[in-house]
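The values are calculated or read from the model by the stated rules, or taken from the named source; none is laboratory data. The structure presented is a predicted model; accordingly, all values stated were derived computationally and were not measured. Neighbour counts are summed over all protein chains in view; Cβ atoms, including those assigned to glycine, are modelled from backbone coordinates with ideal geometry. Accessible surface is based on the protein model in full, side chains and every heavy atom, while ligands, DNA and RNA are left aside. Shrake-Rupley method; radii C 1.70, N 1.55, O 1.52, S 1.80 Å.
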Amino acid sequence: MKLIKLLLGAFVVLGLVVTVLGGGVAALAYWHFSRGLPDYKQLASYEPPIVTRVHAGDGRLLAEYASERRVFVPIAAIPPRVIDAFLAAEDKNFYTHPGIDPISMLRAGVTDLARMGSGRRPSGASTITQQVAKNFLLTNELSLERKVKEALLAIRIEEALSKDRILELYLNEIYLGGGAYGIAAAALNYFNKPLDELTIAEAGFLGALPKAPNNYNPQRFPEAAKARRDWVVGRMAEDGYITAAQAETAIATPLETRRREEATLVRAPFFAEEVRRELSQRYGDKALYEAGFSVRTSLDPALQAVAERALRDGLVAYDRKHGWRGATAHLDVTPQDFQAKLAGAVRPAGAGDWRLAVVLADDAEGAAIGFADGAQGRIPFEEMRWARPELDDQRVGPPPRQAADVVKPGDVVLVEPVVSDKPAADAKPEAKDKPEAKEKADKKGAERFALRQIPEVSGGLVVLDPHTGRVLAMVGGYSHDMSQFNRVTQAKRQPGSAIKPFVYMAALDNGFTPSTLILDAPFVADQGPGLPKWKPTNYNTTKFSGPTPLRVGVEDSKNMMTARLGSVVGLDKVADYVEKFGIMDHMPEQYSMLLGAGETTPLRLATAYAMIVNGGKRVTPTFIDRIQDRNGKTVFRADARDCPECSGVDWHDQPPPAVPDTRETVEDPRTAYQMVSILQGVIERGTGRIVGSVGKPLAGKTGTTSDYRDNWFMGFSPDLVAGAFVGFDDNRTLGEKEEGARNAAPIFRDFMAAALKDKPATGFRIPPGIRLVRVNPSTGQLARPGDRSVIYEAFKPGTEPNGDSVVVNGYGVTDVEPAAAGDNGVAAAAPRISPTTGTGGLY
């Protein structure tokens, strides 16, 4: 008996020792694994990365930016059957366990012992809470330490967050294959449905994916995917989420996925990229791709489409005048193998809707072509007559006399369908039986195509609302696929004569009127001791008009008049105007600047023209109207004017609220209108006459630089500003006589014709303080009976013509403070003038 007592005592002592030691080891292990655990409390305020969406002005989608394609859905908006599917598949005890599920862990341990030595991956027993801990706070490392930390974090998370919050994080964060993060994105990717339209079978499939989304890809592994889905549906029935009949029906349903219908995107890649840059500058790339902003832009999709078409057509028209550069590639083909070989040909960037074809044969009437799909057609010779061989300096060789002068069999070319002629059914009956007549009829019946060529020249077109500065459309080049360089915002080019309105406005604000006579004659400016004299020329270097009204100097783009006027007004004053209108930050006070030898971007120049037509009010070009965060709170608004009465107001036919005009006045509205009137004359009588066919009140100015390197047309209607630019990126010449009136003005014309097609003709607004007087535009004097040409000229009160004929000739002018001048009409060097060479703008 004593021995038994001794043994029992020994066991008790041993048990106590083991208990103490075990507790110590457990405490030590807990201390070890708890060190350096991530801060789980951050999950309380965690916001998963979601897509930033950029919308056009009409609400249509323009672009999306995301590191993970996810649509966040609050737990209250997730349908119960979707939640049930995931709980049945992943964690049926989720709402009862404390973060870990000991029973599941024991079951997984037994399974792993049975698999020991098989090399298979250990079974998972992680609860949803543990998966949240791993996905958000830990790595995917397979180790005992990571599993212990995962369990510890799960317990702590359960203490800090509600079950619904944990489940919300899990269902929105989890990766479900196909690039989809979260259940909402997965529902769209696999079934093209929102969550609330998913069937039990579809919800079951989504619940099947967390285990191994790539292994259950329904396209690659349809049998495994359906088997896993059916298992989940069975579990849903076992756990009481659905009835046995519902499960049977769902299991009998084939697993059919539907490709996600992409949202209709507004195509404006240059505009979208400009918005992306601005968002990145404001908030950084991380916020751009993860914060889930909703961005409303100023883009008008209808005007954007018109602008893209006008610019592309204009650049193609220029390119066709300057020759054929040859086929895009050459293949050795036969009628039997052309399809396969053409299918392997590289489609040139910028081809757009044009089709890639291979020439199968040529003859006197054109060329037979084939397409990769086996279809065939013809390029009639009349559709390739333009294809003269390209020579140096934009010159061209002789016109082709036959198709063989342009293409040969095996050439890979771009073509565009044209309206086909009717088959030769009207041929004489007796002629139809002749072989040559039948062959000709067959050729006529073939689908006809026009030969096309991607232009090397580029350009840009930008459209603004002159009253707000909102950019309504922007095309930064012929094709964004060819080059992402934006000629509207990034290309700094010489504006040439497009700068002249600002030189003349400086004069109108300093004692001159639209009728002031300025001498159109050779002009030389002395730039200072030891420096060459500046000798600009007119476009027509041998023809001068003598004393000519100021208005005509703009309308006909007279360089001698502009240079003479600028020298009298003073380069410092001209620089002030160029700078305050935002064309340049700092204009060097050099004579060549008077003719546009400085550099600016099309966007800055178009904005300056906007400030002419809007009455001299400062506007800043904007691409973004409003930015909202993921919760719908507005975090940025371009129009920052205060208007308490503009929101939260019930409409009862009351007058609209008055919003204050806070725009800075940069120009006398009377002077601005005088220039508007003069620029109307450019289109009615001057260098922009080609635009007159639009038939609506328009105003604008051409611009061409030395050696014909840059072509411009900047203009406006009363409520729309558009600026077109044409030029090579490497700044080479556009060719002899290729001026703005020939290349940029047609782009402006075509845009305005389409943009204003259904709009009523609206006249330019006349500000108070303007007197309209009938004058002869050729003389600037009051109109007389019998004058053939009479216009209403805009004058400030007291400046109307009085019959005197004072001429600005380089020496001085009555009532105007002249610049210092030397003998023979040579202006003496003005203060702060730097040396310069070249003539600047030409026309």
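Quick notes
Residues checked against (1) touching a strand residue (DSSP E or B) at 6+ places or on another chain (Cβ under 9 Å); (2) at pLDDT below 85:
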site: VAL635; (1), (2): yes, no
site: CYS643; (1), (2): no, yes
site: GLN654; (1), (2): no, yes
site: PRO660; (1), (2): no, no
site: PRO669; (1), (2): yes, no
site: SER677; (1), (2): yes, no
site: GLN680; (1), (2): yes, no
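- Top-ranked residue in the stretch 62-96 [being under 24 Å from the mean Cα position of the chain (by Cα) and open to solvent by 50 Å² or more (accessible area, probe 1.4 Å); ranked as farthest from ASP196 (Cα to Cα)]: SER67
- Residue that is least open to solvent (accessible area, probe 1.4 Å) [pool: residues in the stretch 666-692 that are among the acidic types (Asp, Glu) and farther than 22 Å from PRO746 by Cβ]: GLU667
- Flag if ARG742 is open to solvent by 50 Å² or more (accessible area, probe 1.4 Å) and part of a loop (DSSP other than H, G, I, E, B): no
- Cβ-Cβ contacts under 7 Å between residues 6 or more apart (or on different chains), taken from a first residue in the stretch 191-212 that is touching a residue at least 24 places away in the same chain (Cβ under 8 Å) and farther than 19 Å from PHE72 by Cβ to a second residue that is among the acidic types (Asp, Glu) and surrounded by fewer than 22 Cβ atoms within 10 Å (Cβ to Cβ), are listed as ASN192/GLU261.
- Cβ pairs under 7 Å, 6+ apart, first in the stretch 85-100 and at negative phi, second small (Gly, Ala, Ser) and crowded, with 22+ Cβ neighbours inside 10 Å: ALA85/ALA203; ALA85/GLY204; ALA85/GLY207; PHE86/GLY207; ALA88/GLY207; ALA89/GLY207; ALA89/ALA208; ILE100/ALA154
- Among the residues of the stretch 565-586, those identified as surrounded by fewer than 23 Cβ atoms within 10 Å (Cβ to Cβ) and outside any helix (DSSP H, G or I) are GLY570, GLY582, MET584, ASP585, HIS586.
- Residue check for LEU356: of a type outside the set (Val, Ile, Thr) and farther than 24 Å from TYR478 by Cα: no
- Look at the stretch 148-171: where a residue is closer than 16 Å to SER45 by Cβ and among the acidic types (Asp, Glu), no partner that is open to solvent by less than 50 Å² (accessible area, probe 1.4 Å) and not in a helix (DSSP H, G or I) sits 6+ places away or on another chain with Cβ atoms under 7 Å.
- Flag: ARG493 does not match the condition of being open to solvent by less than 10 Å² (accessible area, probe 1.4 Å) and either touching a residue at least 24 places away in the same chain (Cβ under 8 Å) or more than 16 Å from GLY681 (Cβ to Cβ) (or both).
- Residue in the stretch 526-534 that is buried (at least 18 other Cβ atoms within 10 Å of the Cβ) and under 24 Å from GLY681 (Cα atoms) present: no
- Among the residues of the stretch 327-346, those that are open to solvent by less than 80 Å² (accessible area, probe 1.4 Å), part of a loop (DSSP other than H, G, I, E, B) and touching a residue at least 40 places away in the same chain (Cβ under 8 Å) comprise ALA327, THR328, LEU331, VAL333, ALA345.
- Only residues that are open to solvent by 60 Å² or more (accessible area, probe 1.4 Å) and assigned to a helix (DSSP H, G or I) were counted in the stretch 209-226, giving 3.
Here is a yes/no grid of residues against (1) at pLDDT 95 or above; (2) of a type outside the set (Phe, Trp, Tyr); (3) within 35 Å of the chain's Cα centre (by Cα):
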site: ARG325; (1), (2), (3): yes, yes, yes
site: VAL333; (1), (2), (3): no, yes, no
site: ALA340; (1), (2), (3): no, yes, no
site: ALA357; (1), (2), (3): yes, yes, yes
site: ALA367; (1), (2), (3): yes, yes, no
site: ILE379; (1), (2), (3): yes, yes, yes
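- Of LEU206, LEU188, all but one fail to be open to solvent by 20 Å² or more (accessible area, probe 1.4 Å) and either out of contact with any helix residue (DSSP H, G or I) (no Cβ under 7 Å at 6 or more places or on another chain) or assigned to a helix (DSSP H, G or I) (or both); the exception is LEU188.
- Residue tally, condition open to solvent by 20 Å² or more (accessible area, probe 1.4 Å) and either more than 21 Å from the chain's Cα centre (by Cα) or over 20 Å from ALA56 (Cβ atoms) (or both), over the stretch 454-483: 6
- Residues of the stretch 423-453 that are hydrophobic (A, V, I, L, M, F, W, C) and either modelled with pLDDT under 55 or surrounded by fewer than 22 Cβ atoms within 10 Å (Cβ to Cβ) (or both): ALA424, ALA425, ALA427, ALA431, ALA437, ALA441, ALA446, ALA450.
- Within the stretch 383-399, the set of residues being open to solvent by less than 60 Å² (accessible area, probe 1.4 Å) and either free of Cβ contacts under 8 Å to residues at least 60 places away in the same chain or aromatic (Phe, Trp, Tyr) (or both) comprises TRP386 only.
- Members of the stretch 684-695 that are out of contact with any strand residue (DSSP E or B) (no Cβ under 6 Å at 6 or more places or on another chain) and either within 28 Å of THR622 (Cβ to Cβ) or among the hydroxyl-bearing types (Ser, Thr, Tyr) (or both): VAL691, SER693, VAL694
- Given (1) under 24 Å from GLY59 (Cα atoms); (2) open to solvent by 20 Å² or more (accessible area, probe 1.4 Å); (3) in contact (Cβ under 8 Å) with a residue 40 or more places away in the chain, number of the condition ARG663 does not satisfy: (1)
- Taken over the stretch 522-561, the criterion of being among the charged types (D, E, K, R) and either in contact with a Leu (Cβ under 9 Å, 6 or more places away or on another chain) or assigned to a loop (DSSP other than H, G, I, E, B) (or both) is satisfied by ASP526, LYS533, LYS535, LYS543, GLU555, ASP556, LYS558.
- Selected residue (criterion: nearest to the chain's Cα centre (by Cα)) from residues of the stretch 513-525 that are of a type outside the set (A, V, I, L, M) and buried (at least 24 other Cβ atoms within 10 Å of the Cβ): PRO514
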